[in-house]
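Participant: Pasting a structure here, questions to come.
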C-alpha cells in the first residue's frame with residue numbers, strides 16, 4: 001500500500017489536502033481552560049434569587065472610579081455585584097453591622113473580583129471604605145434587574161394602595177338618570 005501511495009501524484013495531493021483540512025478543523029476547535037469551565041458550570045447551576053428573598057452576603061466597599069458598568073456616575077447608593085446572581089438594575093436592601101450603611105442600593109456596577117454572594121458598596125471617602133473592610137451582611141432583593149414587574153410582592157401595594165378600611169371611591173361615570181316626572185316637557 002505505501003508503494004501505491006508514493007507512485008501517484010493525485011493520491012499524494014488528496015491525502016495532503018485531507019490532512020490539511022483535518023488540521024484546520026482541529027485548530028479551530030475550542031478547548032476550554034479547566035478553570036473557565038468550572039466557573040461556567042457553577043454559574044449555569046446558580047439560581048437567581050426571587051424578589052423578597054433575604055440572603056447572607058459578604059460586603060466590601062470601594063471608592064475609586066468615575067462611572068459604573070451601567071454608565072451612571074458613581075455616587076452614594078450604588079453597589080456592585082456578580083451580574084449572574086444580581087443583574088444590573090437590581091434594587092437591594094442591605095442590613096449591615098453598622099447602621100450607617102443600612103439602606104436601599106441600586107446594583108449598577110460589576111467587578112472582576114466580585115463572584116457569587118458578594119456585594120461591593122460605593123463610598124465617597126476612601127477612609128470610610130477602608131474602615132468598612134469586609135463584613136457579613138443580609139441582602140433583601142427588592143427588584144431583580146430592570147424589569148419593574150420583577151419586584152417583591154406587595155412592595156408597590158404598600159406605597160400606593162389604600163388600606164381595606166377606606167371606602168371605595170365613587171364610580172368615574174355618572175349614574176344613569178331616570179326620566180323625570182312632570183318636567184318641562186309637560
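The values are calculated or read from the model by the stated rules, or taken from the named source; none is laboratory data. Predicted model, so just to flag it, every value in this text is computed and none were measured. Using ideal geometry, Cβ is built from the backbone for each residue, glycine included, and neighbour counts are taken over all protein chains shown.
Participant: Can you pull out every residue in the stretch 52-67 that is free of Cβ contacts under 8 Å to residues at least 60 places away in the same chain and assigned to a strand (DSSP E or B)?
Facilitator: 67
Participant: Go through the stretch 118-129 residue by residue and tally those that are in contact (Cβ under 8 Å) with a residue 40 or more places away in the chain and surrounded by fewer than 16 Cβ atoms within 10 Å (Cβ to Cβ).
Facilitator: 4
Participant: Quick check: anything in the stretch 90-104 free of Cβ contacts under 8 Å to residues at least 40 places away in the same chain, surrounded by 14 or more Cβ atoms within 10 Å (Cβ to Cβ), within 12 Å of the chain's Cα centre (by Cα) and not in a strand (DSSP E or B)?
Facilitator: No.
Participant: If I filter the stretch 28-42 for residues that are within 19 Å of residue 84 (Cα to Cα) and at pLDDT 65 or above, do I get at least one hit?
Facilitator: no
Participant: Could you list all residues from the stretch 68-86 that are in a loop (DSSP other than H, G, I, E, B) and within 17 Å of residue 56 (Cα to Cα)?
Facilitator: Residues satisfying the conditions are 82, 83, 84, 85, 86.
Participant: Still on this structure, I have one more. Report, by residue number, each residue of the stretch 105-117 that is in contact with a strand residue (DSSP E or B) (Cβ under 9 Å, 6 or more places away or on another chain) and either within 19 Å of residue 73 (Cα to Cα) or free of Cβ contacts under 8 Å to residues at least 24 places away in the same chain (or both).
Facilitator: 105, 106, 107, 108, 109, 110, 111, 113
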